[in-house]
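Undergrad: Following this message is one structure expressed as C-alpha cells.
The values are calculated or read from the model by the stated rules, or taken from the named source; none is laboratory data. None of these values were measured; they are calculated from a predicted model. Neighbour counts run over all protein chains shown; Cβ positions are idealised from the backbone, glycine included.
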Amino acid sequence: MDCQPRKAYLLSRPSLGEGSTPKTKSVTSSQEYSESIINTIREPLIALDQDLRVVSVSRSFYEVFKVKPEQTVGQLIYDLGNKQWDIPQLRELLETILPEQATFDNYEVEHDFATIGRRIMLLNARQIQRVHGKERIILLAIEDITERREIETGLEKAHDELEALATELKRTARAKSEFLANMSHELRTPLNSINGFSEVLFDETFGPLNEKQRKYVSNVLASGKHLLALINQILDMAKVESGKMKLQLSTISTRGILDEVAMLVADLAGKKQIEMTLEIAHDLPDIEADELKVREIIYNLLSNAVKFTPVAGRIGLRAVESSGQIEVSVWDSGVGIATENMERIFEGFFRVDTPYSRLTEGTGLGLPLARKLVELHGGHLAIESKGLDQGTLVKFQLPISVSQEA
Amino acid sequence: MKKTALIIDDNQNNLLLEKDLLEVAGFTVFVAENASQGILLAIQERPDIIIMDMRLPDMRGSEAAKILLANEQTNQIPVVFVTASVLAEGIEEIKAIPNAVFIGKPINTRTFAKDVGHFIR
C-alpha cells in the first residue's frame with residue numbers, strides 16, 4: 001500500500017520541472033512527457049480536468065476496465081462505460097474530499113462493475129496546478145486489490161480455522177486421556193476380581209481341586225494376567241503419547257539394575273535351554289533416570305530376546321559407557337526380522353507371524369513401549385537384523401544425566 | 001483373642017475376596033458398602049483395623065478417614081487404603097492422613113492378610 005504515494009510523486013515530476021523539461025518548453029512536449037509516464041505505469045491511471053472530464057487515461061485502464069478510448073476521453077468520469085463509474089464513494093472523493101486536501105491516498109472503494117464484476121479498489125488522487133493556465137488537473141490512480149483482499153480474507157479464515165482445529169485437537173486429546181484413565185479403571189476392577197478369585201482357587205485355599213480344575217483355573221489366571229499386562233501397557237502408551245507420562249528421576253545403579261533384570265530373565269531363558277551372555281562394563285556409571293521405567297525397558301527387550309529365540313539358542317546383554325551416555329545392546333540368535341517388517345514392529349500389536357508368535361504370549365507392545373520410554377529419557381533406540389533367522393540386535397542409549405525438560 | 005477387621009468397599013467382589021482372605025487368616029470381619037455405614041460400624045465394633053476403598057459412593061475414603069480421626073472412639077484405628085491410583089497425587093492424599101497407609105491394587109492374595117496384620121499395632 002505504501003507504494004501508492006511513490007507513484008504519485010513520479011507523476012508529478014513534470015511540474016517540478018526536472019531535467020529535460022524546463023518550464024519554458026511547450027505544453028505539447030510536457031503533455032507527451034506526462035502521457036509517456038502515465039502509459040508506463042502498470043496500474044490504471046486517469047487524468048481529469050477540473051470539471052471531472054477525462055483528459056487521458058493509461059493503457060492499462062482500457063485493459064483492466066474493458067473500455068474503448070473513444071468512449072472515454074472527454075467524458076465525464078461518472079458517465080464512463082455506460083455510467084458504470086457513477087460510484088457514490090468516488091463522488092465523495094472527487095467533489096468533497098479532494099478540493100479540501102489536494103491529495104488522497106489509499107481510499108478504498110468497492111463497486112460492482114457491469115463489465116468486470118465486483119472489484120475492490122484503492123484510489124490515490126493528486127490535484128495538480130497546470131504549468132500554464134489556472135486550471136487544475138486531477139490524477140487518479142486505481143489499484144485493483146480484489147484478489148489481494150481475497151487472499152488476505154482467505155488467510156484470515158484459514159488462520160481462524162487452524163486455531164479452531166488446534167483447540168479441538170487439544171480438547172480431543174484431553175478427552176482421550178480421560179477416557180483411557182476411566183476405561184483402565186473400569187476394565188481393571190472386574191479383571192482384578194477374576195485374577196484374585198482364580199488365584200485363591202489355584203492356591204486351593206478353600207479345598208483341593210482335581211487335576212483338570214487346577215489346569216483350567218491356571219489358564220484363567222494366565223489369561224487374566226496377560227489381559228492386565230495389555231491394559232497396563234496400552235495405558236502407558238497412551239500416557240506417553242499424550243505427554244502425561246512423568247519420569248520419577250533419581251540416580252540409579254545401572255549395573256545393579258541390569259544384573260537384577262538379567263537374573264529375572266535367566267529363569268525364562270533356562271526353561272528353553274538358552275545361553276545368556278552378560279557383558280556389563282565394570283566402570284559403567286550410574287545414571288539419572290526413572291528406575292521402574294529403565295527396568296521395564298530392559299525386561300521388555302530381554303524377554304523379547306528369549307521369546308523369539310528357539311530352544312538352545314543364545315542371547316546376550318552388553319552395556320558400555322560411550323560419550324556421555326550408556327549404551328545397552330540386547331542381542332539374540334533368534335528368528336530375526338525381515339527387512340519389510342523393520343518399521344512395522346514399532347506400530348504396536350504387530351507381531352510377525354512366525355511359528356514362535358503362536359507359542360509366545362505377548363502383547364506386541366513391549367518394543368514400541370520400550371522405545372517410547374527410552375525417548376522420554378532423551379535417549380535413542382534402534383533395531384538391527386540381517387533378516388529372517390539371522391538374529392536381532394536392539395541397541396539403545398540413555399544419557400547419564402537427563403536434561404531438564406518438561 | 002481374634003483380630004477384627006472392617007472392610008468398606010462398594011464393590012461386592014472386592015469385599016468378598018478380602019473378607020475371605022482375612023477370615024482364612026483368622027480375622028473376624030465386618031463389612032460395609034458405603035462410608036456412612038462403615039463409620040457407624042467402626043464406632044459400634046471398634047475393629048483392630050479398617051480396610052477401605054478410596055472411591056466410595058457417598059464420599060471419598062480420605063474424608064471418611066478424617067471423620068474417624070475426629071471421633072475419639074475410632075481415632076486410634078489404623079486405616080489401610082486399597083487403591084489403584086498409586087500416582088503421586090493419590091499417595092499425597094493418603095500421606096496427609098495420620099494413621100493411614102495404602103496397599104496397591106490388585107491385591108496380592110498370598111500376602112494380603114499378612115500385610116494387613118502388619119499394620120495393626
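Undergrad: Taking the criterion of being in contact with a strand residue (DSSP E or B) (Cβ under 7 Å, 6 or more places away or on another chain) and within 15 Å of A:Glu43 (Cα to Cα), would at least one residue in the range A:146-169 satisfy it?
TA: Among the residues of the range A:146-169, at least one is in contact with a strand residue (DSSP E or B) (Cβ under 7 Å, 6 or more places away or on another chain) and within 15 Å of A:Glu43 (Cα to Cα), which makes the answer yes.
Undergrad: Is there a residue being more than 20 Å from A:Ala382 (Cα to Cα) and not in a helix (DSSP H, G or I) anywhere in the range A:213-234?
TA: The answer is no; no qualifying residue exists.
Undergrad: Which one is farthest from the other protein chains (Cβ to nearest Cβ), of the residues in the range A:242-264 that are within 33 Å of the chain's Cα centre (by Cα) and free of Cβ contacts under 8 Å to residues at least 40 places away in the same chain?
TA: A:Gly243
Undergrad: I've got another one for you. Those residues that are within 14 Å of chain A (Cβ to nearest Cβ) and at pLDDT below 85, I need them from the range B:63-97; list them, please.
TA: The answer is B:Thr83, B:Ala84, B:Ser85, B:Val86, B:Leu87, B:Ala88, B:Glu89, B:Gly90, B:Ile91, B:Glu92.
Undergrad: Name the single residue, out of those in the range B:1-28 being surrounded by 19 or more Cβ atoms within 10 Å (Cβ to Cβ), of a type outside the set (Gly, Ala, Ser) and more than 13 Å from every other protein chain (Cβ to nearest Cβ), that is nearest to B:Arg110 (Cα to Cα).
TA: B:Phe27
Undergrad: Now a separate question. Tell me, which helices (runs of 4 or more DSSP H) wholly within the range B:1-116 include 2 or more residues that are closer than 22 Å to A:Asn192 by Cα, free of Cβ contacts under 8 Å to residues at least 24 places away in the same chain and among the polar types (S, T, N, Q)?
TA: Here the list reads B:12-24.
Undergrad: Same structure again: Restricting to the range A:210-233, count the residues that are over 45 Å from the mean Cα position of the chain (by Cα) and polar (S, T, N, Q).
TA: Of the residues in that region, 4 qualify.
Undergrad: Let me ask something else. Sort through A:Gly224, A:Gly207 and tell me the only one that's loosely packed, with under 10 Cβ neighbours inside 10 Å and within 14 Å of chain B (Cβ to nearest Cβ).
TA: A:Gly207
Undergrad: Quick check: anything in the range B:36-52 touching a Phe, Trp or Tyr at 6+ places or on another chain (Cβ under 6 Å) and within 11 Å of another protein chain (Cβ to nearest Cβ)?
TA: No: zero hits.
Undergrad: Here's something else I'd like to know. As an exercise: evaluate A:Val330 against (1) among the aliphatic types (A, V, I, L, M); (2) surrounded by 14 or more Cβ atoms within 10 Å (Cβ to Cβ); (3) more than 33 Å from the chain's Cα centre (by Cα); (4) at pLDDT below 90 and give the number of the one condition it does not meet.
TA: (4)
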